[in-house]
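See below for the structure under consideration.
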Amino acid sequence: MSMPIAVAAGPAPATLGRARRMASQADSAADENWELVRAAQRGDTSAFATLYDRHVDGVFRYVLLRVGDRHLAEDVTSETFLRALRRITSISYQGRDVGAWFTTIARNLVFDHVKSSRFRLEVVTDEIAEPGAGSGAPPGPEQQVITRTTNDELLRCIAGLGDDQRDCIILRFIQGYSVSETAAIMQRNEGAVKALQHRAVRRLATLLPRGIR
């Protein structure tokens, strides 16, 4: 009697199906966001208000992680959307979700603040959602490093990274942006972002308490 041929282990069909559905939903949401952009460009103020409602929490979370002060984060978030409203007619489809455009504006505002005040990051933890929330992709080894620890301890360690490494970790694993979206926001190529991510995760792992690694 012939023996059954062994099949290499891989993701379960149910897992693949769920991942595909979530990817399809994300693409649909991105398309809908661009429809809202085009409506806002035609003067539909309610369309921009919908974009604001969808993205304000993510922008605020990103800014708060970078500046560590709730009131300052609120001001920067407000300025982000004011600038976006003023520039809405100039944006065109860029192959990524509109949220990445908002985050790019917020990142530039944070840099302006850092340069003007020589600001040093002091992370405030009680306003920040759990890392990786809402991500549909199965966690890889680097994501596991990020999610294995508590929120407070993670943010303390992120504060110990350099500016570029900290930005990469926040964008990739807390905001949930793809490598290509992170590259666009940070104005780097994808290879540079992957290398930066690898170094940042290695550095983060050394900062974590021994019992959590």
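Tabulated data
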| item | result |
| --- | --- |
| Test: residue in region 60-73 that is open to solvent by 30 Å² or more (accessible area, probe 1.4 Å) and closer than 20 Å to A30 by Cβ | yes |
| Residue, modelled with the lowest pLDDT, within region 90-135, restricted to residues that are in a helix (DSSP H, G or I) and open to solvent by 50 Å² or more (accessible area, probe 1.4 Å) | S117 |
| Pair list, Cβ under 7 Å, 6 or more apart: region 75-89 residue surrounded by 13 or more Cβ atoms within 10 Å (Cβ to Cβ), other residue part of a helix (DSSP H, G or I) and among the aromatic types (F, W, Y) | T77/F60; T80/F102; F81/Y52; A84/F102; L85/F48; I88/F48 |
| Spans of helices (runs of 4 or more DSSP H) in region 141-206 with at least 3 residues open to solvent by less than 50 Å² (accessible area, probe 1.4 Å), under 21 Å from D97 (Cα atoms) and at pLDDT 80 or above | 163-169, 179-186 |
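The values are calculated or read from the model by the stated rules, or taken from the named source; none is laboratory data. Computed from a prediction, not measured in an experiment: that's the story for all the values here. Cβ atoms come from the backbone with ideal geometry, glycine included; neighbour counts cover every protein chain shown. To get the accessible areas, we keep the full protein, side chains included, count just its heavy atoms, and leave off ligands, DNA and RNA. Shrake-Rupley method; radii C 1.70, N 1.55, O 1.52, S 1.80 Å.
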